[in-house]
Amino acid sequence: MKARSIVAGMKTALLYIILLMFLTPFLLIVMNSFKTTQQFVENPLSLPTRFHFGNYTSAIGKMNFLHGFLNSMIITVVAVFIILIFSAMTGYLFVRFKWKVNSFIFYVMLASLTLPFQVLMIPLVMLYGNLGLLDSKLTLLFMYLGFGVPFGVFTFHGFIKGVPFELEESAFLEGSSRLRTFFQIVLPLLKPVFVTLIVLDILWIWNDYLLPSLVLLSPVHRTLPLSTFNFFSSYSVDFAPLMAGLIMTVIPVLVLYLFLQKQIIKGITEGALK
């Protein structure tokens, strides 16, 4: 028993060490957000001698925070909504309709998950640039739909296979259409995977920097991550307000994750079992 207790204690200590390693970058950003830029340059690992809350006020002004927040909110909400609806309906189609072409398309979607975005970004930007479709939120939403649906279809596919078809047959006998049956019977049963995908997609789209930086060229369209451009000049970087801006950018999704973490774990666990 004593040996087991020692092993359990060592495992717990190891987990805390790994947790500290993962939290260290975030803690450094929080710590440096209260220092001046000069203090950050001199020693980024030191504790602040005085808390400069003015960095947050300066960041709000330089980032045009409210405008960037609104852009991020619109893009994230619309993108997540269309990804979930298209993914759920496509996953349902692949499960309930045993067409040969469905299997082919499904495996093509799975194969697309292995393709890094960096391989596609240059030809993608060149193509849309030649068509004059860059610098548009609609173009960005269309790209998010294309990149987000394959994983959503893969996840919904496993869950829908676990939904008894007898429930749908009963609805069909009562005169319900397939579309109504999907939205009123099948969709409510997919709540765990919905919550999981909502949080994962929000974390991805809200914090995404690379794709919006390639598509949204005008300052008026900038999201919060892109608003950090304003802290960079030709010869210097205003690090302290930049750190404060990063903290304010992360807080909304961090709060969302903390509230929904149980549902996320439940959805991932059930998906693994299915």
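The values are calculated or read from the model by the stated rules, or taken from the named source; none is laboratory data. Bear in mind the structure is a predicted one, so any value in this text is a computation, not a measurement. Every residue, glycine as well, gets a Cβ built from its backbone with ideal geometry; the counts of neighbours run over all protein chains shown. SASA here: full protein model, heavy atoms, side chains in, ligands and nucleic acids out. Shrake-Rupley method; radii C 1.70, N 1.55, O 1.52, S 1.80 Å.
Decide, for the stretch 76-155, between rounded, prolate and oblate: order the square roots of the alpha carbon gyration tensor eigenvalues as a ≥ b ≥ c, take rounded if a/c falls under 1.5, and otherwise choose prolate if a/b is larger than b/c, else oblate. Don't jump to the answer; show the numbers that get you there.
Details: a/c = 2.42, a/b = 1.63, b/c = 1.48.
It is prolate, given that a/c is not under 1.5 and a/b is the larger ratio.
Could you check the simple spin-label distance between ARG180 and PHE104, using points 7 Å along Cα→Cβ, in nm with one decimal?
Those two pseudo-labels are separated by 3.5 nm.
Greater than 27 Å separation of Cα atoms is the criterion. Which listed pairs, LYS100/LYS161; LYS35/LYS137; LYS161/LYS262, meet it? Intermediate results must be reported in sequence, preceding the final value.
Values: LYS100/LYS161 17 Å; LYS35/LYS137 36 Å; LYS161/LYS262 23 Å.
Violating the 27 Å limit, Cα to Cα: LYS35/LYS137.
Among GLN118, GLN261, GLN39, whose mean-square fluctuation peaks in a Gaussian network model of the chain (Cα, cutoff 10 Å)?
GLN118
Between the stretch 201-240 and the stretch 1-70, how many Å separate their Cα centres?
About 21 Å separates the Cα centre of the stretch 201-240 from the one of the stretch 1-70.
If the only charges are +1 at each Lys and Arg Cβ and -1 at each Asp and Glu Cβ, what is the size of the charge dipole of the chain around the Cα centre, to the nearest 20 debye?
Working: 18 positive and 10 negative charges, 129 e Å.
I would put it at about 620 debye.
Between ALA8 and LEU47, what FRET efficiency follows from the Cβ-Cβ distance if R0 is 30 Å, with the result rounded to 0.05? Spell out each step's value before the answer.
Numbers: r = 34 Å, r/R0 = 1.12.
It comes to 0.35.
Let me cross-check THR12: its accessible surface, 1.4 Å probe, with only protein heavy atoms counted, in Å² to the nearest 10?
Spelled out: THR12, probe radius 1.4 Å, area about 70 Å².
How large is the Kirkwood hydrodynamic radius of the stretch 64-231, in angstrom, based on all distinct alpha carbon pairs? Present the calculation step by step, with values, prior to reporting the outcome.
On the way: mean 1/r = 0.0567 Å⁻¹.
It works out to 17.6 Å.
To the nearest 0.05, what FRET efficiency results for ILE18 and ILE122 with a Förster distance of 35 Å applied to their C-beta separation?
Result of the calculation: an efficiency of 0.45.
Using a 1.4 angstrom probe on the protein heavy atoms only, line up LYS98, LYS161 by accessible area, largest first. Before the final figure, lay out the partial values.
Numbers: LYS98 170, LYS161 130 Å².
From most exposed to least exposed: LYS98, LYS161.
Answer with one residue from LEU115, VAL125, GLY68: the one whose Cα lies farthest towards the positive end of the charge dipole of the chain, charges on Cβ with Lys, Arg +1 and Asp, Glu -1.
Among LEU115, VAL125, GLY68, the one farthest towards the positive end of the dipole of the chain is LEU115.
If each of ARG96 and ILE74 carries a label point 7 Å out from its Cα toward its Cβ, how far apart are those two points in nm?
Here the modelled spin labels are 3.5 nm apart.
Output ³J(HN,Hα) for the stretch 154-167: one whole-Hz value per residue in order, computed from phi by the Karplus curve 6.51 cos²θ - 1.76 cosθ + 1.60 with θ = phi - 60°, and x for Gly and Pro.
These are the phi-based 3J(HN,Hα) values: 4, 6, 5, 4, x, 6, 5, 4, x, 7, x, 5, 4, 4 Hz.
Relative contact order for the stretch 64-231: what percent, with Cα pairs under 8 Å and sequence separation of 6 or more?
On the way: 132 pairs, mean separation 71.7, N = 168.
Normalised by residue count, the contact order of the stretch 64-231 is 43 percent.
Which of LEU214, ILE185, ALA240 sits closest to the plus end of the dipole of the chain, meaning its Cα is farthest towards the positive end, when Lys and Arg get +1 and Asp and Glu get -1 on the C-beta?
In the chain, that residue is ILE185.
For SER170 and LEU210, what does the FRET efficiency come to when R0 = 51 Å and r is the distance between their Cβ atoms, rounded to the nearest 0.05? Spell out each step's value before the answer.
Numbers: r = 47 Å, r/R0 = 0.93.
Approximately 0.60, to the nearest 0.05.
For the stretch 100-130 and the stretch 132-147, what is the separation of their C-alpha centers, rounded to whole Å?
Centre-to-centre (Cα) distance: 14 Å.
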